[in-house]
Structures are given as C-alpha cells and as structure tokens.
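Following: one structure in structure tokens, then a few remarks.
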Amino acid sequence: MNDFELTDGELILRPFKLEYAEAHLAGDDAENVHWLSGGVSTIETVRNWIIRNQQAWEEGGPVYSFAIFDAKTGQQVGMIDGNANPAQVEGLEEGDINISYNIYPSARGKGYATRAVNLIQPFFKEKGYKTAIIRVHPDNAKSLGVAERANFTRVSETVNRSEGTLIKFKKLISLE
Ligand SMILES: CC(C)(COP(=O)(O)OP(=O)(O)OC[C@H]1O[C@@H](n2cnc3c(N)ncnc32)[C@H](O)[C@@H]1OP(=O)(O)O)[C@@H](O)C(=O)NCCC(=O)NCCS
C-alpha cells in the first residue's frame, strides 16, 4: 500500500517511513515549531509520528503523509501531507482534504513546497477527494505565498482554532 512514489521529475514524494526520521528531525526548526508542529521534536516524537502515519497508510487513510525528495540529488527536503479527518481538521466539509507542508530550512526558497502541493493533488483526486484546502495563519507570509503560487483561492471564511484564526484557501481538484 505504501510502497510507491509520486514524481514530476524534479521532486519525488514517498510515503513516510521510519528510515526518514533522522533527516526529518534535522530539518525541524523554530519556524516549523511556530507555524506547524507546535512543539520541539525529538527522535522519539518523530518516530511515533511516522508510526501513526504508517498505520493510516495501512488503513487506507484518511491521513496521507509523504516525505519530499529532490529527484536530482536524492536529498530529503521536507514533508507534505493530506488530512481528511474532520476530527483533526476543523471546518472540513465532505470531499475536502487539508494539505500541510514543511520544507527543511536549507531547502527553502527553491519552489519545492509549491511544486509538492501541485504534485500531490492528482493523488487526492484519484482517492476521490473533490477540494484541496490549505489553512494558513495570516502572519505566515511564506506559507501564504505557497497557497497563492499553487493557485488556491482565498475564501472569505476563516477557521477559528485554539491557536488563532487561520485563512482558508481552496482549490477544486475534481469536477465530479
Ligand atoms: C511555508 C514553507 C513550506 C515555504 O517554503 P518555501 O520554500 O518558501 O516555498 P516555495 O517552495 O513555494 O518556494 C517559494 C520561494 O522560492 C523561490 N523560488 C526559487 N526557485 C523557484 C522555482 N523554481 N519555483 C518557484 N519558486 C521558486 C520563490 O521566489 C520564493 O521565494 P520568496 O519566498 O523569496 O518569494 C516554509 O517556509 C516552511 O517550511 N515553514 C515552516 C512550516 C510552515 O509554515 N508550514 C505551513 C503551515 S500552514
């Protein structure tokens, strides 16, 4: 089930495996803690996160997490996932899947996040999802840029969560 990859020739997305844990930990930084993870990681927390994600892969979703690799150098450069569990993502509607991402500090500013967001969408369409969602804190300029470059539409609605208000972007991935 999780032994496949998605590629556009520049990036490769592979379902997260334990062997990716150390590079993932090394790529953690204050920006990722502040905007995404909410806490400093250790090798144990990363491994436990991967184990939970592998379980989701085995169950067929509704969480799909991928490690991102540069296709040319083979370097692991980040994480992207889709989460369609309404218990974990506030404001999800039927057919929605929420996309989150993190690019490791040394690999930022090269277009990898935008490319990964584009690359993952056909996979979600194949899985039957209709709308991709990205939710971003209004002060997270770098991530707002990703949603805009990936041609998501900013919807007027915002989502209130414990950490504040997030701007919601969406993109239709299936007309069915
Ligand atoms: C948000 C985050 C993933 C954005 O990463 P990023 O590398 O800036 O995003 P992109 O991959 O879209 O790259 C865009 C940048 O690369 C530049 N770039 C260089 N080559 C490029 C190319 N071939 N194609 C597109 N952009 C390119 C763009 O000009 C842009 O630079 P700018 O920010 O100076 O304008 C990153 O800052 C991060 O991991 N933050 C912490 C976690 C986080 O906030 N996650 C999102 C929570 S909602």
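Read-outs: derived from the displayed coordinates by stated rules, not from any lab. Quantities reported herein were computed from a predicted structural model and do not represent experimental measurements. Here Cβ is always computed from backbone atoms with ideal geometry, including for glycine, and neighbour counts include all displayed protein chains.
Computed quantities for the displayed model
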read-out	value
Gain on full stretching of the segment that runs from Thr7 to Arg149 - 0.36 nm per residue minus C-alpha separation	49.2 nm
Helical mean residue ellipticity (222 nm; -39500 (n - 2.57) per DSSP H run of 4+; nearest 500) of the chain	-8000 deg cm²/dmol
Under 15 Å from Lys170, Cα to Cα: aspartates and glutamates that are on another chain or at least 8 residues apart	Glu90, Glu93, Glu94, Asp96, Glu148, Glu157
Cα-centred dipole magnitude for region 6-172, charges only on beta-carbon of K, R (+1) and D, E (-1), debye, nearest 20	460 debye
Relative packing of 106-115, 130-139, which averages over residues the other C-beta atoms within 10 Å, highest first	130-139, 106-115
Above-threshold pairs, the threshold being 26 Å between Cα atoms, out of Lys72/Lys130; Lys17/Lys72; Lys125/Lys168	Lys72/Lys130
For region 1-28 and region 101-134, distance of Cα centres in Å	13 Å
Reciprocal mean inverse distance between Cα atoms of region 39-176 - Kirkwood radius, Å	15.7 Å
Computed FRET value (nearest 0.05) for Gln88 with Thr42, which takes r as the C-beta separation and R₀ as 25 Å	0.70
